[in-house]
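The values are calculated or read from the model by the stated rules, or taken from the named source; none is laboratory data. Being a predicted model, the structure only gives us computed values, none of them experimental. Cβ placement follows ideal geometry from the backbone for every residue including glycine, while neighbour counts extend to all protein chains displayed.
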Amino acid sequence: MAIPSKIVSIWRLLVTLSIYSSFLLSHVVVVSGQCLSHQQSLLIQLKHSLVFGAESSTSLVQWNESSDCCTWPGVNCDHEGHVIDLNLRDEAISGGIDENSTLFNLVYLESLDLSYNYFNSTIPSVIGNLTNLRDLRLSYAGFVGQIPKEISHLTRLVTLDLSTSEYLQLLESSNLSMLVQNLTKLEYLYLDGVNILSVENDWAQDLSSSLPKLKVLSFGYCSPSDNTDKLLAKLNLRCFSRIQLDFNKSSDPSPRSFANFSNLVSFSTVDCTLHGMFPKEIFQVPTLNTLDISYNELLDGSLPEFPPNSTLSSLVITSTNFGGSLPVSIGNLGQLTKLDVGNCCFSGSLPKSITNLTNLVYLDLSSNNFTGPLPSFHMLKYLTDLHLSHNRFTGRIPLAHWEGFLELVNVDLRNNSLNGNIPSSMFSLPSVEMIDLSYNQFTGQVLEFPNASFSMLKTIDLSSNDLHGSLPMSIFKLTKIKHISLSSNKFNGTIQLDIIQDLKLLSSLDLSYTNLSVDASTGNSNSFSLPKFLADLRLASCKLGLFPDQIKNQRNMSYLDLSNNQIHGEIPNWIWKVGNGSDFFLNLSHNHLVGMQKPYSFSNVDTLDLSFNQLHGKIPILPPYPTYLDMSNNFFKSSIPSDIGNCLSRTRYLSLSNNNLTGVIPESICKASNMVLADLSNNSLSGRIPQCMLALSHIQGINLRSNKLSGPIPDALVVNCSLQILSLNGNLLTGRIPKSLANCRALEVLNLGNNQIFDTFPVLLKNISSLRILDLQANKFYGHITCPDSIGNWPVIQIVNIASNNFSGELPGQCLTTKWHAMVDTNFDFRETTPSYISYNYEDTVTVTNKGLEMELVKIFKDFCAIDFSSNNFHGEIPKELGLLKSLLLLNLSNNALTGHIPSSFGNLHQLESLDLSKNHLNGEIPASISDLNFLSFLDVSYNQLVGRIPKGNQIQTFSADRFEGNEGLCGPPLTPKCGDEGEDTQPETPDEDGHSNSGNGIKWELIGAEVGYIVGFGSVIGPLAFSRRWRKRYFDGVEDIVFSVLPKQLLKKWLSGKMRVQK
């Protein structure tokens, strides 16, 4: 996993701080005496020889001959007036430094700091003249090339820092050994970023023997060829107090020799590709203060039992494979100031002892699987950062003691299951800058909070909760606020857009889907201006009704979402000038827009969504270099421009679906070399599919369904093809399935239904284990489908639809249970099959015959499993193995020539909702196990040769009689009231002497029984409806069955199609 640049920058800053803190006290020099004239002259000459930025300089720019050089910033002298300390750190020096520089005549120097500059030259070898140096810091100064061996002359050095970010300093092992062989006083060595090339000499051993006093060794980004454990074993472990090996790629498992560091205070192996089990004894090193093994994703382990009075103050294991629960003994880490276990595999509830960590400043438990309520952190008075996001915490936020978090800066509790009210005191904390409570289940009203104008809040995110009531106006009095997100809640009322005009620092505002009405009109008042730095404005579904004119002057805006706002008319041409030429995201979808005001220019648009409007006429001139372009679901009526590809060189997503486009797909579309998803479905396009379109190297999804395309599917798919979706349903395609489709090893959806393809079952797909949907219905496929020759190893397959073809032979059965795992395992985790194209606004679409009607599923749910082999020429018995596909929701074998009995194993299909076996030659009785299918809402066994009584059950008698007709030997409800050999089941009552079934003052048991029966019956219906989602579904499916028997078929089809369709 690549380390984000922000983390690397922070790491470098920490390294620098650690360097300076190590010797801050030891280098305090009292200035006395007057600067010697020749020393001042050398410094002035040095200044004149250097190229530096005067606007960035804090020291050099103030040097002048009229003052004593010992008083100049960055200069310290001894009592005799010699310059002994020169600090030119971060002076924006550029242009290099040569061998003749007067710097190297300052021979009394004891400390020299040239770090964080831009010299872009080699380190002059004459640096060896400065033999009095004790502290030499050249880190991140832009020096390149070989490090001069003359540094070995600086025998008094205690600190040497040669760290670099340029990766251009080359140290061979022999040079490193020579470099340090005389530096016997060296205690602190920093070589971060220096490329150490280990050759035949044992440089680590030489380092250990030559530097007996070395305490701190840091060589992050050095890429030594020795693995970490071997390297550590060669060093003199007893003396070291700090070792930093960050960002060195090692083939070594976790370093077990670490436990031998008897004096170690700090150890860091960030992103070193360590793997295996991390030894717990490492945590027991008594002097250990800081441990950072983060970003070793393959490193396993768990936290040990911590002893009392542990000295550990910083524990960072983020982005490792550590897991288990946090031990109760974590409360023994009384000196801990930083605990970061984010992005690991921890689980369970938090131990209450974590509240004993009263010195904690930074706490990150995010992206784990922690559960249960949050403890009260009120004892953690020094806490500045609280990150608990992406877990499974439940319950309320403890309301008490928030006032005590005087130092708290960042609060991140997003993506949990927290509920209840949000404490208003959280927003009044004096130091808090960021509060993110999004993606939880908070309810109630957000109350107003005092002193908003004095708040330090910069970011507030309450999106994706269940908040309601009025929006607190305190939010719009936060003068330092930069980011506000309140989307996806249930607030009420109307707010004026001008309420944000005084938020001068506001950068992003998201009020989408809040149920609020936003009034952007100015009325009779003077026009107002939006905040100058507003770059991200999201007002989706805010009932705007018009384009806010105030947007036209926003030169910093880069993201604008005005979708679903009931905006009518034309798109104003000024909107294309928003953003001042920067890449612009614009979403105007789901409105009532009919055209574009001319003239218009898309020059700066990167993402454009105009879908679900009423745009008509020709496709407009496209933006020159969009990455995302969606003009679907409009009324464009033209051909696709022949030169469209000239605008698509950067495009990754293109959708022109659901329009009235005609003509051919132009060859120029193949210029879209970065295309990931192309959707031209539901138009009237004709001609052939361009061969080059299937050969695009990055293409993952092609949807051309419901057009009039003809000819064969091009056999042009490249080796290592990236294609995941190929949907060509509903065209006039002929020929065979292209053999090159076997190159697409990531294929998930193949939808070729409703064409004229003449081929056998696609054996070439056998080894594509990612296949989820196979739709070949209504073609001219033929031949046998046999186990195991034809059936693929498809562990995640959900839908197989080969209906209405000419397949023949016996149904496959035996191998299905071993190859179609998702259909067998009711606990199959479909989350692991999430497609990589999910980030785009795209849904797989497939047509299925459900409950006897053909309907289009626009969204395919993860647990929807279906098999449709209907309307072929299959014969023989139904394989009993089909009864082991327990995840099936739909099974259709109708209109074949199947014989034999209905397998009793179908009683195992407890998820089944639709079963169609009609129009076959099945015989025998309907197995009683069918009556146990409680979720079965459609059953059709009509027109077979079934006999005997229809089984009694909770569900089966609710089906209409026509589902059983055409079976002469079948009887019983609902087909007939009773079977012919049955007598009356009722028995006459025997009255008592008074002509009543009960008499006297005794208990009337028949009434008691009726009442009990009523209660039980009512509970058995209402209870499951209230508490079981599946029982609710079964109930409403029963309502559907009633509708089936009442409504005309055409109206029924329209109703069910609307029910099944899920809009994007």
- Message: Given the criteria among the aliphatic types (A, V, I, L, M), under 37 Å from the mean Cα position of the chain (by Cα) and not in a loop (DSSP other than H, G, I, E, B), does ILE930 qualify?
- Response: no
- Task: Looking only at region 388-411, decide whether some residue is assigned to a loop (DSSP other than H, G, I, E, B), farther than 29 Å from LYS480 by Cα and either assigned by the TED database to the domain that holds ASN465 or not aliphatic (A, V, I, L, M) (or both).
- Result: yes
- So PHE602, is it in a strand (DSSP E or B) and of a type outside the set (D, E, K, R): no
- Task: Name the residue, out of SER642, SER673, that is of a type in the set (S, T, N, Q) and within 26 Å of the chain's Cα centre (by Cα).
- Result: SER673
- Need at least 1 residues that are buried (at least 21 other Cβ atoms within 10 Å of the Cβ) per element, so show me which strands (runs of 3 or more DSSP E) inside region 746-816 make the cut, counting only ones lying wholly within it. 749-751, 773-775, 799-801, 806-810
- Message: Looking at SER942, SER905 in this structure, which one is modelled with pLDDT of 90 or more, surrounded by fewer than 19 Cβ atoms within 10 Å (Cβ to Cβ) and under 50 Å from the mean Cα position of the chain (by Cα)?
- Response: SER905
- Given (1) surrounded by 16 or more Cβ atoms within 10 Å (Cβ to Cβ); (2) assigned to a loop (DSSP other than H, G, I, E, B), number of the condition ASP502 does not satisfy: (1)
- Verdict on GLY617 being over 34 Å from the mean Cα position of the chain (by Cα) and either assigned by the TED database to the domain that holds LEU728 or at positive phi (or both): yes
- Residue by residue through region 618-636, note down the ones that are at pLDDT 95 or above, surrounded by fewer than 18 Cβ atoms within 10 Å (Cβ to Cβ) and part of a loop (DSSP other than H, G, I, E, B). none
- Message: Tell me yes or no: at least one residue of region 852-860 is among the small types (Gly, Ala, Ser), at pLDDT below 85, under 27 Å from TYR943 (Cβ atoms) and not in a helix (DSSP H, G or I).
- Response: yes
- Of all residues in region 412-429 being assigned to a strand (DSSP E or B) and not polar (S, T, N, Q), which is nearest to the chain's Cα centre (by Cα)? ASP412
- Scan of region 760-782 for residues that are touching a Phe, Trp or Tyr at 6+ places or on another chain (Cβ under 6 Å) and either among the acidic types (Asp, Glu) or over 27 Å from LYS708 (Cβ atoms) (or both), ordered by number: LEU771
- Query: Got a sec? Which of VAL15, VAL31 is touching a strand residue (DSSP E or B) at 6+ places or on another chain (Cβ under 8 Å), at pLDDT below 95 and more than 18 Å from ARG137 (Cα to Cα)?
  - Reply: VAL31
- Any chance region 945-953 includes a residue that's among the small types (Gly, Ala, Ser) and surrounded by 15 or more Cβ atoms within 10 Å (Cβ to Cβ)? yes
- Only one residue in SER139, SER152, SER174, SER163 is over 46 Å from the mean Cα position of the chain (by Cα) and at pLDDT 75 or above, so which one is that? SER152
